[in-house]
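Have a look at the structure below before the remarks.
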Amino acid sequence: MDVFVARQPIFDRTRQLFAYELLFRSDSDSNEFDGSEAASATTQLIAHSLLSIGWQKILDGKQAFINFDRSLLLAGLHTVLPKENVVLEILESVTPDEEVVAACRELHSQGYTIALDDFVDHPSYQPLLEMAKLIKVDIRATPIEEQERLLRTYQPRGMAMLAEKVETPEDFAWARRAGYDFFQGYFFARPALVRGKQIPAAKVTCLKVLTEMQRSDLDFERLEKLISEDVSLSYKLLRYSNSALFSRYSEIRSVRQALAMLGEINIRNWVALATLPAMADDKPGELVTHSLVRARFCEHLAQAAGISEYKLGFLMGLFSLLDALIDTPLEEALKQVSIVPAISQALLGASQTQDAFGDVYSLACRYEVGDWTAVAALASRLQIKVSEIGEAYAESTLWAQRALHGTARGAGSRRNVRHAGSGTLRIGWEDGAGRRQLSKAKLLNVSVEGLKLQVAENIPVHARVSCDEPKLGICGTGSVRYCSPSHGNYVIGLEFKNGTGWQEPA
């Protein structure tokens, strides 16, 4: 069964990411949950597809807001969801009759957090208000006077107030002044029009480096020159190339050496990671994450659609939020990076009918907002299996989080150089259900404090892995730092606090 899962960020008053609202449907032919599935089947669907496959990948430790209609409330679906990490949104379409109120009382008694979506103050909702901890208000559909009354009425009762449909910086500024606690919408990606604003030199350099990424064959000499002229980018590149993400025999000391060691794919990834935060400046951190997720997602979709230059999908996703990153209208921003016409047309909505890049970009955007009918139609047009879309999105969120966390490591975070290794070993580990598993692993590199292995299984990040292979001089227990798909297998990085048992060559 195909599963669609997307997420929308929710921010607090300081623009820090608070939670994600998760949107999912089990059927590509319908944009609504029709209640026709048995409760047990629905429970299994979400338990397997959301919790087992993508829960941690998509949430990265944040709270999850999940929509509940009448059918889901009465089906007892909440039992598979961890009450510490979820907020159950009662949809505005739910009539608060006796059965619904009883179901919500049961949720409340079990410790689940209840939110009321698109709230309209009506006497019939009083029983639910006694149990709800959060109210969501559509600021575009609700008059200002009524919003102010709702804030005065329910915040003193300890109710958190969330402003929905916050589409612009002006919306956010007003909602924050009004007193809302949380905010949801695309305000971070819709900058105010700024006329005649000069882009700072550091951002210009970032744009030039991003422009170089459009070449099918990278010009390493040109790239070296651009990076070497910027102290910040040079430092970031050396820190990245010397990080625990890569195996090497000696410390990387120059920009040229770093570029040669990384290779084309890793350079493209690094450029995105290095330039986005520099251009984001005072923007919410989620803007950088969103840009990376969308970039990786568009690349995956373009590849699945059979587009020969699918790598341009990464740049398309990245540049789609360029206006927000540099506070310049998108059309003007795209001119400054001299982006290829196919990508520019897709981002500006000027693509011809059934243009592949235009369809890929539309598919990514429709998926992010949970427009599953449009997703199914676009997937059919691009001849992409719908099952691939959810997998691609989950992998993209995990990749973005891992990439950002990886570059946050200090330059000296790895004290020991890893050396290329060979051989096979048996490893023991626990799966998500706590079951002990044994696997065969191929050794790729080794140090006194870590291993890089190739395995057939997708081993969870942070899982404990034990190794005992005297012939290789390896014995100990480590923790999985990353697990990346690679040619039908997975490459995992392990860290051993107490050492691997392996001896550094003299």
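Couple of notes before you dig in:
- Residues within the stretch 448-501 that are within 25 Å of A394 (Cβ to Cβ), of a type in the set (G, A, S) and surrounded by fewer than 19 Cβ atoms within 10 Å (Cβ to Cβ), tallied: 6
- The stretch 95-146, residues that are in a loop (DSSP other than H, G, I, E, B) and small (G, A, S): G111, A132, A141
- Among the residues making up the stretch 121-158, those that are within 27 Å of L81 (Cα to Cα) and aliphatic (A, V, I, L, M) are L128, L129, M131, A132, L134, I135, V137.
- Candidates A420, A392, A411 - the one that is out of contact with any Lys or Arg (no Cβ under 7 Å at 6 or more places or on another chain), of a type in the set (G, A, S) and at pLDDT below 80: A420
- Complete set of residues in the stretch 428-438 that are out of contact with any Asp or Glu (no Cβ under 9 Å at 6 or more places or on another chain), surrounded by 12 or more Cβ atoms within 10 Å (Cβ to Cβ) and either at pLDDT below 65 or not charged (D, E, K, R) (or both): G432
Residue by residue, here is whether (1) surrounded by 18 or more Cβ atoms within 10 Å (Cβ to Cβ); (2) modelled with pLDDT under 80; (3) in a loop (DSSP other than H, G, I, E, B) holds:
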site	(1), (2), (3)
R253	no, yes, yes
L259	yes, no, no
G263	no, yes, no
V271	yes, no, no
T289	yes, no, no
L292	yes, no, no
A295	yes, no, no
L301	yes, no, no
E309	no, no, yes
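- Of everything in the stretch 75-94 that is assigned to a helix (DSSP H, G or I) and not β-branched (V, I, T), the residue that is farthest from L162 (Cα to Cα) is A75.
- Residue within the stretch 350-358 that is surrounded by 22 or more Cβ atoms within 10 Å (Cβ to Cβ), touching a residue at least 24 places away in the same chain (Cβ under 8 Å) and closer than 25 Å to W270 by Cα present: yes
- L151 being under 18 Å from R70 (Cα atoms) and assigned to a helix (DSSP H, G or I): no
- In this structure, I459 does not qualify as more than 23 Å from R239 (Cα to Cα), assigned to a strand (DSSP E or B) and modelled with pLDDT of 85 or more.
The values are calculated or read from the model by the stated rules, or taken from the named source; none is laboratory data. Because the structure is predicted, anything quoted here is derived from the model rather than measured. Because the Cβ atoms are built from the backbone with ideal geometry, glycine has one as well, and the counts that use them run over all protein chains shown.
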